[in-house]
Amino acid sequence: QVQLVESGGGLAQPGGSLRLSCAASRIIFSVYIMGWYRQAPGKQRELVATITSDGSTTYSDSVKGRFTISRDNAENTVYLQMNSLKPEDTAVYSCNARMTYHNIWGQGTQVTVSS
């Protein structure tokens, strides 16, 4: 029943980069708004970025200019390119597919930024 499969998390040093991937089912990917959320220990989950089916994007202020969300419609995959990583980016990152009154979540992938 898994509909979103995430990959790409890991350990990076400050200033480094990681690229997260989220593979969705064809049906979900074609109509849902795709996004990335993150939750750090002791903090609330926050929205990082979203992308619509037509390519419109939004970003949280904390990642603007550093992170880029994109999608490959042929492969039903959404990406989060994370550059200039900071220790405060450390969190579990989760892929999300959203429609009104319905959310589908991936399993989450750990991103740790540390020297």
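The values are calculated or read from the model by the stated rules, or taken from the named source; none is laboratory data. Quick caveat, the model's predicted, so the values are computed rather than measured. Note: ideal-geometry Cβ built from the backbone for every residue, glycine included; neighbour counts use all protein chains shown. Side chains included, ligands, DNA and RNA excluded: accessible areas come from the protein's heavy atoms. Shrake-Rupley method; radii C 1.70, N 1.55, O 1.52, S 1.80 Å.
So what is the accessible area of region 1-46 per residue, in Å², with the probe set to 1.4 Å?
With the other protein chains kept in place, region 1-46 gives 62 Å² per residue.
Using mean Cβ contacts within 10 Å as the protection proxy, how do 13-20, 59-66, 92-99 order, highest first?
Ranking, from highest mean packing down: 92-99, 13-20, 59-66.
Rounded to the nearest 20 Debye, what is the dipole magnitude of the chain about its Cα centre when Lys and Arg each give +1 and Asp and Glu each give -1 at the C-beta?
So the dipole magnitude of the chain works out to roughly 100 debye.
Karplus couplings for region 97-109 from phi (6.51 cos²θ - 1.76 cosθ + 1.60, θ = phi - 60°), rounded to Hz, Gly and Pro as x?
With coefficients 6.51, -1.76 and 1.60, one gets 10, 10, 10, 3, 6, 8, 10, 10, 10, x, 7, x, 9 Hz.
Take Q107, project a point 7 Å from its Cα along the Cβ direction, then tell me which residues of region 5-26 have their backbone nitrogen under 15 Å from it.
5-10, 21-24
Amide H to amide H under 5 Å from G108: which residues, 5+ apart in sequence or cross-chain, H placed 1.01 Å off N in plane?
E6, C95
What nm distance separates the two modelled labels at R26 and N83, each placed 7 Å from Cα along Cα→Cβ?
Those two pseudo-labels are separated by 3.4 nm.
Just the Cα atoms of the chain, one point each, no solvent: what log10 I(q)/I(0) does Debye give at q = 0.12, 0.13, 0.18, 0.20 Å⁻¹?
For the chain, the Cα-only Debye profile gives -0.37, -0.44, -0.85, -1.04.
When the helices in the chain are scored as -39500 (n - 2.57) per DSSP H run of 4 or longer and the sum is shared across all residues, what 222 nm value do you end up with, to the nearest 500 deg cm²/dmol?
-1000 deg cm²/dmol
Karplus couplings for region 27-39 from phi (6.51 cos²θ - 1.76 cosθ + 1.60, θ = phi - 60°), rounded to Hz, Gly and Pro as x?
5, 4, 5, 6, 10, 8, 7, 9, x, 10, 10, 9, 9
Using a 1.4 Å probe on the protein heavy atoms, what percent of the accessible area of region 32-115 belongs to carbon and sulfur?
Carbon and sulfur atoms account for 45 percent of the accessible area of region 32-115.
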